[in-house]
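Just below is one structure, and these are the notes that go with it.
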Amino acid sequence: MISKLIVFNWKSNPQTLTKSLKLAGLVDYKNIVVCPPFIYLFEIRNKLSNAAVGAQDVFWETGGGPYTGEISPLMLKNIGVKYVIIGHSERRRLGDTDQVINKKVRVAINSGLKVILCIGEPLREGSKKTEKAKEFIKNQLFKDIYEVSFSPRKRRNLIIAYEPVWAISTSKNAKPDNPEDSAEIASFIKETLNFSLGFSPKVLYGGSVTSKNIQHFLRYNEIDGALVGGASLKENELKKIIKIVKK
Ligand code: PGA
């Protein structure tokens, strides 16, 4: 049984449906969420019996309309997609501002999707570095969830992925965070949200997670799971990660 939540984010990969179905077949367990590109969601959803599927982004109008190229929350829901990643640092780099992210979080939560909201500081340097990171994260978090209403039923639909941008494998000189620091920040995120919203969501860690380090993060009670990018595109890594988290 997998007790923590493990999310695989394939970004704009793989390039064929065949390969994505093969990867998905390796991870069909409860508490696993596979986030392929939009175009593969339907087929992967049909293939999986235990794992859930998630989209990597969503548009901010619930029911669609004149928005060429956009995917609405209802379209996702109607094909059985349960989760959506919002605010990934790569989307922020491509132009998603906190205001845009806030609109997306709002409609996705209202539509009943489970939102994996990505937050994280761009740099961690200088003295008092975790304190500075916390300040940045708090600010970002409040902008991203501004005026989102969480009815008791929807509370569990908010999941935070703490992804320090510098730790994401595609960043320059990326390295995974020190698990102890991530656990401290995860606990800070829970306390902050508990104070302002009255509940603490699950907090995942993401950033250069591999089969070599995943257990060091999951060991902490404050960390409820992991968001895995690059490593989830390699069959061997996927198999190893599943073996570790199934224990
Ligand atoms: P990474 O990506 O595991 O390749 O660092 C994580 C992410 O971008 O979500």
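Bear in mind these aren't lab numbers, they're just calculated from the coordinates by the rules spelled out. None of these values were measured; they are calculated from a predicted model. We place every Cβ from the backbone using ideal geometry, glycine too, and count neighbours over all the protein chains shown.
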| remark: For the range 180-247 the mean separation of alpha carbon contacts under 8 Å (6+ apart) over residue count, i.e. relative contact order in percent, is 30 percent
| remark: Farthest towards the positive end of the dipole of the range 109-159, among Asn157, Leu141, Ile116 and with Cβ unit charges of +1 on Lys and Arg and -1 on Asp and Glu, lies the Cα of Asn157
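Taking the Cα centre of the chain as origin, work out the dipole magnitude from +1 charges on Lys and Arg Cβ and -1 charges on Asp and Glu Cβ, in debye rounded to 20. Let's see the in-between values first.
On the way: 39 positive and 24 negative charges, 146 e Å.
Dipole of the chain, to the nearest 20 debye: 700 debye.
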| message | Between the range 1-58 and the range 94-110, how far is it from one alpha carbon centroid to the other, in angstrom? | response | 22 Å
| request: Compare Ile119, Ile71, Ile86 in a GNM of the chain, Cα atoms joined below 10 Å, and give the one with the largest fluctuation. | output: Ile71
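Working out 0.36 nm times the residue gap between Glu61 and Ser187, then minus their Cα-Cα distance, what length gain in nm do you get to one decimal?
The span from Glu61 to Ser187 would gain 42.1 nm if fully extended.
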| message | Pairs on different chains or at least eight residues apart, Cα atoms closer than 20 Å: how many lysine pairs in the range 1-59 fit? | response | 8
| field | the range 1-100, relative contact order in percent, only Cα pairs under 8 angstrom and at least six apart counted | value | 22 percent
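Can you name the helices of the chain, as whole DSSP H runs, whose Cα span along the helix axis is 20 Å or more and whose Kyte-Doolittle mean is not below -1.0?
Numbers: long enough: 129-144 (22 Å, -1.38); 179-197 (26 Å, -0.02).
The qualifying helices are 179-197.
I need the peptides 157-170, 94-107 ranked by packing, meaning the mean over residues of other C-beta atoms within 10 angstrom, with the highest value on top. Display every interim value, and only then the final one.
On the way: 157-170: 22.0, 94-107: 17.1.
Per-residue Cβ counts within 10 Å, averaged per peptide and sorted highest first, yield 157-170, 94-107.
Per residue Cα convex hull volume for the chain, in cubic angstrom?
Working: hull volume 30.4 nm³, N = 247.
Given the Cα convex hull of the chain, per-residue volume reads 123 Å³.
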| request: Pick out, from His88, Gly64, Asn9, the residue whose Cα sits farthest towards the positive end of the charge dipole of the range 1-103, with +1 on the Cβ of Lys and Arg and -1 on the Cβ of Asp and Glu. | output: Asn9
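Glu43 to Ser127: FRET efficiency via 1/(1 + (r/R0)^6), r the Cβ-Cβ distance, R0 35 Å, to the nearest 0.05?
Details: r = 50 Å, r/R0 = 1.44.
Rounded to the nearest 0.05, the efficiency is 0.10.
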